[in-house]
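Colleague: Right, I'll just put the structure down here and ask away after.
The values are calculated or read from the model by the stated rules, or taken from the named source; none is laboratory data. Note that the structure is predicted; figures quoted are calculated from it, not measured. Positions of Cβ are backbone-derived with ideal geometry, glycine not excepted, and every protein chain shown enters the neighbour counts. We work out accessible area using only protein heavy atoms, side chains counted, and drop any ligands, DNA or RNA first. Shrake-Rupley method; radii C 1.70, N 1.55, O 1.52, S 1.80 Å.
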Amino acid sequence: MKRYSAFAIAREAVRYHSGWERAWHAPEPKAKYDVIIIGAGGHGLATAYHLGKNYGITNVAILEKGWLGGGNTGRNTTIIRSNYLQDPSAAIYEKSRSLYETMSQDLNYNVMFSPRGVIMLAQTHHEVRGYQRTAHANALQGVTTEFIGPEKVKELVPIINIDGPRYPVLGGLWQAPGGTARHDAVAWGYARACSDMGMDVIQKCEVTAIRREGGKVVGVDTSKGAIDCAKLGIVVAGHSGDVAGMAGFRLPIESVSLQALVSEPIKPCMDVVVMANTVHGYMSQSDKGEMVIGGGTDGYNNYTQRGSFHHIEETVRALIETFPMISRLKMLRQWGGIVDVTGDRSPILSKTPVDGVFINCGWGTGGFKAIPGSGWAMAELIAKGHSPLTEEFSLDRFRAGKFIDESVAAGVAH
Ligand SMILES: Cc1cc2nc3c(=O)[nH]c(=O)nc-3n(C[C@H](O)[C@H](O)[C@H](O)COP(=O)(O)OP(=O)(O)OC[C@H]3O[C@@H](n4cnc5c(N)ncnc54)[C@H](O)[C@@H]3O)c2cc1C
């Protein structure tokens with residue numbers, strides 16, 4: 001595949017852009033693959049990419065029932081950070097954040113990674129203590145974070161009101177190397193790189209059954225026919241329970257819709273990402289100028305991928321005390337995605353009761369930031385049977401009671 005470069009843009013400019021190739025092929029499935037990945041979201045594509053790049057395994061198909069990146073990967077609010085509390089989380093999220101730094105160069109695809117900094121506001125004394133604890137834990141883990149006072153918050157975010165009557169800003173957990181990236185570009189960049197390595201990214205191909213013989217996976221049935229495989233990765237976020245059911249096992253997971261919305265575009269007014277867990281909302285400004293706003297999950301399990309009016313009202317109302325200027329903004333669009341939430345708010349990257357079947361799910365409201373690290377670790381698990389980064393995130397932790405409690409870090413959806 002031809003490389004994207006400034007030279008390529010100049011070359012195509014003089015020949016009326018007639019020489020660009022398809023970014024990825026659109027093949028029909030082969031009869032058999034070494035590895036099939038179900039789900040062409042960021043995590044599935046990153047897993048396939050690292051199988052090829054790190055282990056030379058390229059006889060791989062990524063099967064997607066809709067269009068690639070059309071699940072949560074193309075629906076999130078793009079926040080990237082690694083300021084989690086527990087050591088196993090810090091390891092995988094920080095690996096991921098560091099891979100984002102070079103992703104555009106690694107994939108030869110501009111994912112618009114913008115390390116603009118992320119603040120999690122402390123608006124109660126309980127939160128001050130919680131975030132100070134996280135900052136200490138992060139210092140021990142080698143993750144760059146800092147607890148900052150309200151004046152520093154105001155300096156970083158001039159539009160914020162730090163003297164709110166109910167919830168004044170008492171400080172914040174600041175991660176300067178955190179930020180955002182263009183979510184579609186992450187999916188597209190991985191898909192292009194996978195296709196370039198000879199892998200098949202097959203869209204509109206829904207997996208309807210998982211075939212097993214003697215406790216081992218042998219293939220899948222799909223809307224495009226039966227396909228055999230030696231190993232299978234299930235990477236389907238909100239549909240994890242359904243697809244695990246096809247392989248005959250259950251997951252400790254709930255599927256629930258998470259919504260977000262954007263305002264009309266306005267002049268640049270906020271160049272960091274701000275999250276407010278107490279009032280339950282968060283906000284950043286996109287390159288187009290829209291304020292990107294997220295709130296909490298729906299209060300009941302569901303599979304809807306759409307927005308609802310009460311969420312606009314609840315989320316905007318929650319944020320207005322801290323950001324009075326948004327009371328004058330028109331909201332443009334709203335949407336939802338089905339997120340996969342575990343009891344301890346940590347992911348599952350694991351072998352399963354079926355030999356040859358691996359599962360990657362449970363990223364819930366915060367898995368965009370984890371895409372490259374998760375792909376790196378999942379590829380190692382599939383290729384070698386174990387990975388230091390996934391060890392603590394196995395399904396067994398629910399049986400053994402070894403939870404990785406990240407309910408503070410994942411308190412508000414991001
Ligand atoms: C509104 C919203 C805001 C968010 N904000 C953030 C944020 O700011 N930061 C952050 O880190 N995270 C955020 N997240 C979470 C993040 O988007 C997800 O954790 C992450 O994208 C999950 O990626 P994935 O690849 O596992 O899943 P997905 O991108 O959902 O991909 C799974 C794919 O599997 C496919 N699939 C399902 N069943 C089948 C089948 N039977 N056969 C074939 N294909 C199938 C689906 O169509 C889908 O494309 C947010 C999520 C939402 C919804």
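Colleague: Is there any pair with a first residue in the stretch 350-369 that is on the phi < 0 side of the Ramachandran plot and among the acidic types (Asp, Glu) and a second that is part of a loop (DSSP other than H, G, I, E, B) and away from the ligand (no atom under 14 Å from the Cβ) whose Cβ atoms are under 9 Å apart and which are 6 or more apart or on different chains, and what are they?
Modeller: Within 9 Å, the pairs are ASP355/GLY214; ASP355/GLY215.
Colleague: Scan THR134, THR208, THR222 and give me the residue that is under 24 Å from THR77 (Cα atoms) and of a type outside the set (Lys, Arg).
Modeller: Every option except THR134 fails the conditions.
Colleague: In addition: When only residues in the stretch 25-72 that are small (Gly, Ala, Ser), surrounded by fewer than 23 Cβ atoms within 10 Å (Cβ to Cβ) and near the ligand (Cβ under 6 Å from one of its atoms) count, which is farthest from TRP188 (Cα to Cα)?
Modeller: For the stretch 25-72, the residue satisfying everything is GLY66.
Colleague: Checking the structure you have, find out if any residue of the stretch 171-186 is farther than 17 Å from GLY71 by Cα, in contact with a Leu (Cβ under 6 Å, 6 or more places away or on another chain) and not β-branched (Val, Ile, Thr).
Modeller: Yes; the residues of the stretch 171-186 include at least one that is farther than 17 Å from GLY71 by Cα, in contact with a Leu (Cβ under 6 Å, 6 or more places away or on another chain) and not β-branched (Val, Ile, Thr).
Colleague: Would you check which residues across the stretch 197-224 are surrounded by 20 or more Cβ atoms within 10 Å (Cβ to Cβ) and more than 18 Å from GLY70 (Cα to Cα) and list them?
Modeller: MET199, ILE210, VAL217, GLY219, VAL220, THR222 - these are the residues of the stretch 197-224 that are surrounded by 20 or more Cβ atoms within 10 Å (Cβ to Cβ) and more than 18 Å from GLY70 (Cα to Cα).
Colleague: Which one of these is over 29 Å from ARG3 (Cβ atoms), open to solvent by less than 40 Å² (accessible area, probe 1.4 Å) and basic (Lys, Arg): ARG75, ARG97, ARG81?
Modeller: ARG81
Colleague: Okay, moving on. Restricting attention to helices (runs of 4 or more DSSP H) lying wholly within the stretch 133-251, give those where 3 or more residues are touching a Cys at 6+ places or on another chain (Cβ under 6 Å) and β-branched (Val, Ile, Thr).
Modeller: none
Colleague: Additional query: Please pick out the residue among GLY299, GLY294, GLY307, GLY289 that is touching a Gly at 6+ places or on another chain (Cβ under 6 Å) and not hydrophobic (A, V, I, L, M, F, W, C).
Modeller: Of GLY299, GLY294, GLY307, GLY289, the one residue that is touching a Gly at 6+ places or on another chain (Cβ under 6 Å) and not hydrophobic (A, V, I, L, M, F, W, C) is GLY307.
Colleague: Let me ask another. Failed condition for ASN108, given (1) open to solvent by 40 Å² or more (accessible area, probe 1.4 Å); (2) more than 16 Å from the chain's Cα centre (by Cα), with all others met?
Modeller: The failed condition is (1).
Colleague: Can you pull out every residue in the stretch 294-337 that is assigned to a helix (DSSP H, G or I) and either open to solvent by 80 Å² or more (accessible area, probe 1.4 Å) or among the charged types (D, E, K, R) (or both)?
Modeller: PHE309, HIS310, GLU313, GLU314, ARG317, ARG328
For every residue, the table says whether it meets (1) of a type in the set (S, T, N, Q); (2) without any contact (Cβ under 8 Å) to a residue 60 or more places away in the chain; (3) in a loop (DSSP other than H, G, I, E, B).
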{"residue": "MET1", "(1), (2), (3)": "no, no, yes"}
{"residue": "PHE7", "(1), (2), (3)": "no, yes, no"}
{"residue": "GLU12", "(1), (2), (3)": "no, yes, no"}
{"residue": "ARG22", "(1), (2), (3)": "no, yes, yes"}
{"residue": "PRO27", "(1), (2), (3)": "no, no, yes"}
{"residue": "ASP34", "(1), (2), (3)": "no, no, no"}
{"residue": "ILE37", "(1), (2), (3)": "no, no, no"}
{"residue": "ALA40", "(1), (2), (3)": "no, no, yes"}
{"residue": "ALA46", "(1), (2), (3)": "no, no, no"}
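Colleague: Return the residue satisfying two criteria in turn: it lies in the stretch 351-364 and is open to solvent by 10 Å² or more (accessible area, probe 1.4 Å) and not in a loop (DSSP other than H, G, I, E, B), and of such residues it is nearest to the ligand (Cβ to nearest atom).
Modeller: PHE358
Colleague: Among the listed residues ARG212, ARG250, identify the single one that is basic (Lys, Arg) and without any contact (Cβ under 8 Å) to a residue 24 or more places away in the chain.
Modeller: ARG250
Colleague: If you don't mind, another one. Select from the stretch 48-77 the residues that are under 13 Å from the mean Cα position of the chain (by Cα) and either modelled with pLDDT under 95 or part of a loop (DSSP other than H, G, I, E, B) (or both) and list them in ascending order.
Modeller: Correct list: GLY69, GLY70, GLY71, ARG75, ASN76, THR77.
Colleague: Now for a different question. Might you check whether a residue that is under 26 Å from the mean Cα position of the chain (by Cα) and either open to solvent by 90 Å² or more (accessible area, probe 1.4 Å) or closer than 30 Å to LYS351 by Cα (or both) occurs anywhere in the stretch 15-22?
Modeller: yes
Colleague: Tell me which of these SER96 doesn't satisfy, since it passes every other one: (1) in a loop (DSSP other than H, G, I, E, B); (2) within 16 Å of the ligand (Cβ to nearest atom); (3) out of contact with any Asp or Glu (no Cβ under 6 Å at 6 or more places or on another chain).
Modeller: Among (1) in a loop (DSSP other than H, G, I, E, B); (2) within 16 Å of the ligand (Cβ to nearest atom); (3) out of contact with any Asp or Glu (no Cβ under 6 Å at 6 or more places or on another chain), the lone unmet condition for SER96 is (1).
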